[in-house]
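Notes to accompany the following structure.
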Amino acid sequence: MRRILLVEPNFHNKYPPLGLMKISTYHQRRGDYVRFVKGCDTGIAGQQWDRIYVSSLFTFYWDITIRTVRFYSQSVASQQDIWIGGVMATLMGDEVAALTGGTVVRGLLNEPGQLDSDSRVVVDELTPDYSMLDTINYQYGLQDAYLGYATRGCPNRCDFCAVSQIEPNFIDYLPLKRQLKSLEMLFGERHDLVLMDNSVLASDALGRIVNDLVDLGYERGAKLNGRQRRVDFNQGTDVRLLTPEKMALLARTALRPLRLAFDDSRLRPVYEAGVRLAAENGVRHLSNYILFNYRDTPQDFYDRLRLNPVLNETLGTQIYSFPMKYVPLNAKDRSYVGKHWTPRLLRGVQCILVATRGMVGPHLDFFEAAFGHDSDEFLEIAVMPEDYIVHRRAHAPNGAGDWRRDFHALTSGERVEFMSVVAAKKITRRDVGAASTGRLKRLLSHYVDAASVDQSQLTLLDD
Ligand code: SF4
């Protein structure tokens, strides 16, 4: 019997670590002792393990992941007994291996013999061990949902997306019934179904997948224990592939919400047509990931955001938007600033989102109150002092009111100077002193005097 330790670094994660959960099942079936911990657990310091698996997520969790691997380096006979897998390990495997001496697992465990050469088991096909989550003091989300896949991979290769490296082969059908039945048998019935497919609409087997969902009790309007059941393709569906036939199929299920991406303003007609199709098929709860800080401009971002509440008013839909800040696939932190953005503007967007709890609601009046009535006003709000953005109502009669008056009175020359000074996040007394006019000095002094927003509030939004 081997002693196996599974570790998820202590980053925030809404989703339980499915990879580790399948590895747990694998080792238990082999008769090994398995323990799962979150982060650097001093309670097991000094214990020795035959193998330690550390999962990884986004590359911007680089520091915390490497720190976690190093924490356990004395707990194995050889560094190679620490196995590191997941997104970051796949995307930056050479660097991870060079820095830690660990064994890097790239991509999925979807072939036999990847963990032990004498095994014919495909780890990715195993039922995840949900019981291991009860052994730690950390609450993942989605407690009452089955997690699964109806497809794997994606036939596309968008350059901002890691899917083609993590799941390079598109598999257009996976038997959902088998996955759910075995989960139910082992861990009990769950209410909802979260499918983590990357591009389900690319599947030629969509009809079969929908039949499976209906047979499993996730037909449109389905209830369990008096509550509406939900199917959620939570990675989003590709609106470019949404045809009337496919929409009609999806509408047969308890889909809620329908998640569509709108990453590029050139997709606007296609996106609008997709929302219309959904509404025509009675699917009114939608959710929209909106990428920004990529090749877009702030104006373009604003226009994409505003479209949703406008569509809601005309089509009777309820679209919630979730802005997603782009960082490059190999970024070790979240500080990347896109070509058309500045640190100030990015921070401003995050401050607006603090006030709206990370999402943009479906109503136009709320949207305009938060983001402005047009892209000019959005730019104005986004460069205000942080505390004025988050607590706009409280500051409106005094500080923010004065700030706005001076901002509107800027000459074009003053405006250029102002925008270049505020582009960076931190403004000092020296910047105020160096400003070329009294109005600019007055305006800039707000940034020195007003409180800034707690960084932890902003980083939570990125998770
Ligand atoms: S379509 Fe979506 S999942 Fe596929 S590569 Fe592009 S962003 Fe990634």
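The values are calculated or read from the model by the stated rules, or taken from the named source; none is laboratory data. Please read all numbers here as calculations on a predicted model, not as lab measurements. Cβ placement follows ideal geometry from the backbone for every residue including glycine, while neighbour counts extend to all protein chains displayed.
Would you be able to tell me the number of residues in region 227-245 that are at negative phi, within 15 Å of the ligand (Cβ to nearest atom) and not hydroxyl-bearing (Ser, Thr, Tyr)? Walk me through how you get there before you give the answer.
From region 227-245, those at negative phi are 227-235, 237-245; that's our starting set.
Now restrict to residues that are within 15 Å of the ligand (Cβ to nearest atom): 233-235, 237-242.
Next cut, not hydroxyl-bearing (Ser, Thr, Tyr) only: 233-235, 238-242.
Here the count works out to 8.
With respect to the numbered conditions (1) free of Cβ contacts under 8 Å to residues at least 40 places away in the same chain; (2) among the β-branched types (Val, Ile, Thr); (3) within 24 Å of residue 421 (Cα to Cα), which one is the sole condition not fulfilled by residue 270?
Status for residue 270: all satisfied but (3).
Could you identify the single residue in 169, 156 that is surrounded by fewer than 15 Cβ atoms within 10 Å (Cβ to Cβ) and either within 16 Å of the ligand (Cβ to nearest atom) or in the same structural domain as residue 56 (by TED's automatic domain parsing) (or both)?
Details: 156 fails: surrounded by fewer than 15 Cβ atoms within 10 Å (Cβ to Cβ).
The unique qualifying residue is 169.
Out of the residues in region 246-263 meeting the condition of being under 12 Å from residue 283 (Cα atoms) and within 16 Å of the ligand (Cβ to nearest atom), tell me which one is surrounded by the most Cβ atoms within 10 Å (Cβ to Cβ).
Step one: list which residues in region 246-263 are under 12 Å from residue 283 (Cα atoms), which gives 247-259.
Narrowing the set further to residues that are within 16 Å of the ligand (Cβ to nearest atom) leaves 258-259.
On the way: 258: 28, 259: 20.
Among them, the one singled out is 258.
If only one of 55, 78, 73, 24 is in contact with a Pro (Cβ under 7 Å, 6 or more places away or on another chain) and either touching a residue at least 40 places away in the same chain (Cβ under 8 Å) or surrounded by fewer than 22 Cβ atoms within 10 Å (Cβ to Cβ) (or both), which one is it? First the steps, then the outcome.
Values: 78 fails: in contact with a Pro (Cβ under 7 Å, 6 or more places away or on another chain); 73 fails: in contact with a Pro (Cβ under 7 Å, 6 or more places away or on another chain); 24 fails: in contact with a Pro (Cβ under 7 Å, 6 or more places away or on another chain).
It is 55.
Any idea how many residues of region 133-153 are more than 21 Å from residue 23 (Cβ to Cβ) and within 16 Å of the ligand (Cβ to nearest atom)?
2
In region 37-52, how many residues are of a type outside the set (A, V, I, L, M, F, W, C) and surrounded by fewer than 16 Cβ atoms within 10 Å (Cβ to Cβ)?
Step one: of region 37-52, the residues of a type outside the set (A, V, I, L, M, F, W, C) are 38-39, 41-43, 46-48, 50-51.
With the extra rule that they be surrounded by fewer than 16 Cβ atoms within 10 Å (Cβ to Cβ), the set shrinks to 42-43, 46-48, 50.
Within region 37-52, residues that are of a type outside the set (A, V, I, L, M, F, W, C) and surrounded by fewer than 16 Cβ atoms within 10 Å (Cβ to Cβ) number 6.
Taking residue 157 as the residue in question, decide whether it is of a type in the set (Lys, Arg), out of contact with any His (no Cβ under 7 Å at 6 or more places or on another chain), modelled with pLDDT under 95 and more than 23 Å from residue 241 (Cβ to Cβ).
Working: of a type in the set (Lys, Arg): yes; out of contact with any His (no Cβ under 7 Å at 6 or more places or on another chain): yes; modelled with pLDDT under 95: yes; more than 23 Å from residue 241 (Cβ to Cβ): no.
Judged against the criteria, residue 157 is not a match.
For residues that are at pLDDT 95 or above, more than 38 Å from the chain's Cα centre (by Cα) and assigned to a helix (DSSP H, G or I), scanning just region 411-431, find the one that is surrounded by the most Cβ atoms within 10 Å (Cβ to Cβ).
Among those residues, the one meeting the criterion is 414.
Are there any pairs with C-beta distances below 6 angstrom linking a residue in region 154-165 that is farther than 16 Å from residue 291 by Cβ and in contact (Cβ under 8 Å) with a residue 60 or more places away in the chain to a residue that is among the acidic types (Asp, Glu) and more than 7 Å from the ligand (Cβ to nearest atom), with the two at least 6 apart or on different chains, and if so which?
Pairs found: none.
Out of 312, 281, 293, I need the residue that is in contact with a Pro (Cβ under 8 Å, 6 or more places away or on another chain) and at pLDDT 95 or above. Which one?
On the way: 281 fails: in contact with a Pro (Cβ under 8 Å, 6 or more places away or on another chain); 293 fails: in contact with a Pro (Cβ under 8 Å, 6 or more places away or on another chain).
Unique residue meeting the criteria: 312.
Checking residue 64 against (1) farther than 22 Å from residue 132 by Cβ; (2) aliphatic (A, V, I, L, M); (3) assigned to a helix (DSSP H, G or I), only one condition comes out false. Which one?
Here residue 64 clears every test but (1).
Select from region 285-314 the residues that are basic (Lys, Arg) and crowded, with 18+ Cβ neighbours inside 10 Å and write down the one among them that is farthest from residue 236 (Cα to Cα).
Once the filter is applied, the top-ranked residue is 306.
Out of all the residues in region 267-277, is one or more within 13 Å of the ligand (Cβ to nearest atom), in a helix (DSSP H, G or I), assigned by TED's automatic domain parsing to the domain that holds residue 206 and touching a Gly at 6+ places or on another chain (Cβ under 6 Å)?
no
Considering region 352-367 alone, what residues qualify as being touching a residue at least 40 places away in the same chain (Cβ under 8 Å) and under 20 Å from residue 300 (Cβ atoms)?
353, 360, 364, 367
Could you please find all residues in region 173-205 being within 13 Å of the ligand (Cβ to nearest atom), buried (at least 19 other Cβ atoms within 10 Å of the Cβ) and part of a loop (DSSP other than H, G, I, E, B)?
Step one: of region 173-205, the residues within 13 Å of the ligand (Cβ to nearest atom) are 196-203.
If we keep only those that are buried (at least 19 other Cβ atoms within 10 Å of the Cβ) too, we end up with 197-203.
Residues satisfying the conditions are 197, 198, 199, 203.
Given the conditions (1) within 25 Å of residue 163 (Cα to Cα); (2) in a loop (DSSP other than H, G, I, E, B), and given that residue 117 satisfies all but one, which numbered condition is not satisfied?
The failed condition is (1).
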